[in-house]
Structures are given as C-alpha cells and as structure tokens.
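The values are calculated or read from the model by the stated rules, or taken from the named source; none is laboratory data. Because the structure is predicted, anything quoted here is derived from the model rather than measured. Don't worry about glycine lacking a Cβ; one is built from the backbone with ideal geometry, like all the others, and counts go over all protein chains shown. Accessible surface is based on the protein model in full, side chains and every heavy atom, while ligands, DNA and RNA are left aside. Shrake-Rupley method; radii C 1.70, N 1.55, O 1.52, S 1.80 Å.
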Amino acid sequence: MNFKFTKKDKLKSKKQIEYLFEKGNSIVAYPLLLKYCEAEFTDNVMLKTAVSVSKKKFKKAVERNSIKRLIREVFRLNKPHYFNNLKTQYALMILYIGTEQPIYKSLENNMKDLLDKFNKEISK
C-alpha cells in the first residue's frame, strides 16, 4: 500500500480543473464535497486530487491552509484502502463547504463516507 501524496498525485492543471467543474459529477458528505470526472493523464497515475477551502468562509489564509493540510492528510491515509484497484483515471477536487474549523476525527469519518459514496458511484 502506498500512503504517499506526491507532486504527481496533485491536480494542478487549470484546464483539467475547469473541465472538472464544467462536466464533473458531485458527491456530498457534509462538510466535504467531491467533484470528480474521468480524465487522461500522461504520467502513470490513476488519480489526481486537489483540495480547496472557501476564502469567503475562512478569511485568514492560516485557517484555510490548516484545513487543507488536514484534508490532505486524511485523504492520504485513506487513499490506499479505496483506490488500489482503479481501472480508469480520475481527477478529483475535494472542497470543504463547512463553516467552522474541522476536528480530525469527524473529518476522517466524513472522508470515509465520501470515498465510500465515490466507490459506489464509479462501480455502477
């Protein structure tokens, strides 16, 4: 199992992010929202992920960055359990839509719910 979240695992292409918001599907497990779509990457990665927190709800960059770090850590630790046997490539964007600073344990439970829902959607 690979618990790493390296540079090649991050979704950074502006075109792919725009396409993701235009054509992608959504799943909600409050306070997390997952936008996803099938994608084609040139490197040998099955999944690229980005994380975003609203500037409107969290004015201070320190708060936004700590929430993003927390989300990335929870995702990194749960990724191998949910994505080991993917056959198609996906672009994911995880958005934090809550209004208060999250706690690790509740965020982890929400992330597991979100990833379970995602696996059910792609297995249809």
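Subtracting the Cα-Cα distance from 0.36 nm times the residue separation, let me have the gained length for MET46 to PHE21 in nm, one decimal.
Length gained, MET46 through PHE21: 7.1 nm.
Do the alpha carbons of any pairs in LYS48/LYS117; LYS15/LYS112; LYS56/LYS120; LYS57/LYS120 sit beyond 26 Å of each other, and which pairs?
Details: LYS48/LYS117 18 Å; LYS15/LYS112 28 Å; LYS56/LYS120 32 Å; LYS57/LYS120 30 Å.
The answer is LYS15/LYS112; LYS56/LYS120; LYS57/LYS120.
Rounded to the nearest 10 degrees, what's the angle between the helix 104-122 long axis and the longest principal axis of the chain, both from Cα atoms, 0 to 90?
The helix 104-122 is inclined about 30 degrees to the chain.
If we count GluC sites (Glu not before Pro) as exposed when they sit in a DSSP loop and have at most 10 other beta carbons within 10 Å, what is the longest stretch of the chain that avoids them all?
Details: sites that count: GLU40, GLU100.
Result for the longest clean stretch: 41-99.
Taking volume of the Cα convex hull per residue in Å³ as the quantity of interest, determine which of (1) 93; (2) 142; (3) 108 was computed from the displayed structure.
(3)
Residues of segment 100-124 with amide nitrogen under 15 Å from the 7 Å Cα-to-Cβ point of VAL28?
Hits in segment 100-124 for VAL28 at 15 Å: 114.
Which percent of the accessible heavy-atom area of segment 18-107 goes to carbon and sulfur, probe 1.4 angstrom? Don't skip to the answer; put the middle values down first.
Details: 2600 of 5160 Å².
Heavy-atom surface of segment 18-107 belonging to carbon and sulfur, 1.4 Å probe: 50 percent.
Quick one: helix 61-83 against the long Cα principal axis of the chain, what's the angle to the nearest 10°, folded into 0 to 90?
30 degrees
So with the 1.4 Å probe, I'd like the accessible area per residue for the chain, rounded to whole Å². Write down the numbers at each step before the final one.
Details: 7660 Å² over 124 residues.
With the other protein chains kept in place, the chain gives 62 Å² per residue.
If contacts are Cα pairs under 8 angstrom and at least 6 residues apart, what is the relative contact order of the chain in percent? Before the final figure, lay out each step's value.
Values: 166 pairs, mean separation 46.5, N = 124.
Relative contact order, the chain: 38 percent.
Quick check: the angle from helix 14-23's long axis to the longest principal axis of the chain, C-alpha only, nearest 10 degrees?
So the helix axis and the longest Cα principal axis differ by about 90 degrees.
How long is the gain from LYS57 to LYS120 if the chain were fully straight, where each residue apart is worth 0.36 nm and the alpha carbon distance is subtracted?
Details: separation 63, 0.36 × 63 = 22.68 nm, distance 3.04 nm.
So the extension gain works out to 19.6 nm.
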